[in-house]
Amino acid sequence: MTKWSVAHRLAHMAAMRTLDDAGQPADRRTDVAALISAANLRALADPEAERLFGLYIPPTQTHPGGIWINAAMPPSTQRHSAAHELGHHVFNHGLTCDTDFASLSATPATSTLTETTAEAFAAWLLMPRAALVRTLRLLNIKPGDLRPEHVYLTGLMLGTSYRGTARHLGVARIIEPRAATALARTAPAAIKNRFDDPTAPPRSGDADVWPLQRLVGCGELTLHHGDRLVLPATADAAAEGLIADDVAQFVHQSFTSIVLSATAAPDRNGAVRRHLLSLAGDDGGLQVSVESGPVRPRARRAVPNVANVNSEADLDLLLAQQQAQRVASAAGEDPCV
């Protein structure tokens with residue numbers, strides 16, 4: 001049995017148990033922030049953490065543990081990083097600093113079992129098989145008919161990256177692994193361009209493009225701040241409602257489309273608001289909400305305080321400790337579980 005197969009077997013069971021313990025259904029988009037809170041961890045999304053992709057600090061007798069992620073990364077990468085660091089907590093891996101994507105996406109030959117298990121945990125937590133199956137059903141797509149744009153839409157619904165979604169469709173045995181590998185080679189930028197209005201102004205490279213008419217019947221949509229919404233030109237009433245509710249801002253209108261930009265505007269209690277959007281052919285309507293990121297604003301600045309990470313020197317010490325752990329793991333047995 002390979003390292004990846006061991007990791008995925010352990011991670012799948014742990015992810016399902018984590019969702020169940022927190023009362024989250026396994027067939028919906030995962031609320032990562034709620035899972036972090038349920039684990040009694042603090043969280044910080046830091047837009048200036050240039051040297052860090054993710055950090056897990058285990059709890060002590062005097063302080064709760066914490067997760068620190070880089071808020072400058074794309075939202076789907078932030079969600080994955082937060083889930084990855086939560087995996088380190090679930091498996092009791094101890095202090096872990098991920099300073100580049102290598103530890104999050106290393107090949108089976110170069111990744112330690114510790115990192116492999118956390119990576120597999122993140123995939124299963126964000127994309128349980130039941131959630132993938134339900135999403136494809138809502139999109140009216142049969143697994144045998146999957147094309148790159150279908151993978152992209154599935155990732156939009158679940159808040160996961162294009163390539164991560166394509167790969168996990170194979171891991172979850174919804175499609176053949178060979179087909180998943182082929183789908184993962186497609187550049188998501190090309191799919192975004194296909195869904196966008198070609199006459200609209202350029203968008204941010206990290207922004208996702210939501211072709212809302214293609215998502216009719218999908219129920220609830222959770223967008224991220226700065227994402228682009230593309231509506232039919234005839235849906236002016238729906239667009240006006242989104243703008244009036246501060247869910248989106250106007251960007252462009254052409255003969256075929258209305259283009260908006262999603263805005264995260266929490267209500268007075270700090271909760272994310274939902275807007276009911278009605279489009280042609282959708283009797284139930286779409287519940288649209290916009291997040292600023294996977295870690296809620298009220299959790300900001302919590303981790304550095306509890307972890308005593310208040311300076312570059314503190315961070316250097318954490319990184320040095322983590323490097324020493326990796327050297328020790330390379331010399332002996334990896335303490336995964």
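The values are calculated or read from the model by the stated rules, or taken from the named source; none is laboratory data. Here the structure is a predicted model, which means the values were calculated and not measured. Using ideal geometry, Cβ is built from the backbone for each residue, glycine included, and neighbour counts are taken over all protein chains shown. SASA here: full protein model, heavy atoms, side chains in, ligands and nucleic acids out. Shrake-Rupley method; radii C 1.70, N 1.55, O 1.52, S 1.80 Å.
Below is a table of values for the structure above.
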| quantity | calculated |
| --- | --- |
| Qualifying positions in segment 194-221 - under 18 Å from the mean Cα position of the chain (by Cα) and either crowded, with 17+ Cβ neighbours inside 10 Å or touching a residue at least 24 places away in the same chain (Cβ under 8 Å) (or both) | 206, 207, 208, 209, 210, 220, 221 |
| Meets criteria (modelled with pLDDT under 90 and either over 19 Å from the mean Cα position of the chain (by Cα) or open to solvent by 20 Å² or more (accessible area, probe 1.4 Å) (or both)) for residue 240 | no |
| Conditions (1) over 25 Å from residue 155 (Cβ atoms); (2) in contact with a helix residue (DSSP H, G or I) (Cβ under 9 Å, 6 or more places away or on another chain); (3) at pLDDT 90 or above: number failed by residue 96 | (3) |
| Residues satisfying the stated conditions in segment 5-36, i.e. open to solvent by 60 Å² or more (accessible area, probe 1.4 Å), in contact (Cβ under 8 Å) with a residue 40 or more places away in the chain and not in a loop (DSSP other than H, G, I, E, B) | 12 |
| Checklist (1) modelled with pLDDT of 95 or more; (2) in contact with a Phe, Trp or Tyr (Cβ under 7 Å, 6 or more places away or on another chain); (3) within 30 Å of residue 122 (Cβ to Cβ) applied to residue 158, failing item | (2) |
| So residue 178, is it of a type in the set (Lys, Arg) and touching a residue at least 12 places away in the same chain (Cβ under 8 Å) | no |
| Options 169, 136, 153; residue that is within 18 Å of residue 123 (Cα to Cα), open to solvent by less than 10 Å² (accessible area, probe 1.4 Å) and touching a residue at least 60 places away in the same chain (Cβ under 8 Å) | 153 |
| Residue pairs meeting the criteria (Cβ under 6 Å; at least 6 apart or on separate chains; first in contact (Cβ under 8 Å) with a residue 60 or more places away in the chain, in segment 236-260; second surrounded by 12 or more Cβ atoms within 10 Å (Cβ to Cβ)) | 257/197; 257/230; 257/233; 259/197; 259/200; 259/230; 259/251; 259/252 |
| Residue selected from segment 181-191 under the condition among the β-branched types (Val, Ile, Thr) and in contact (Cβ under 8 Å) with a residue 24 or more places away in the chain, by the criterion most open to solvent (accessible area, probe 1.4 Å) | 186 |
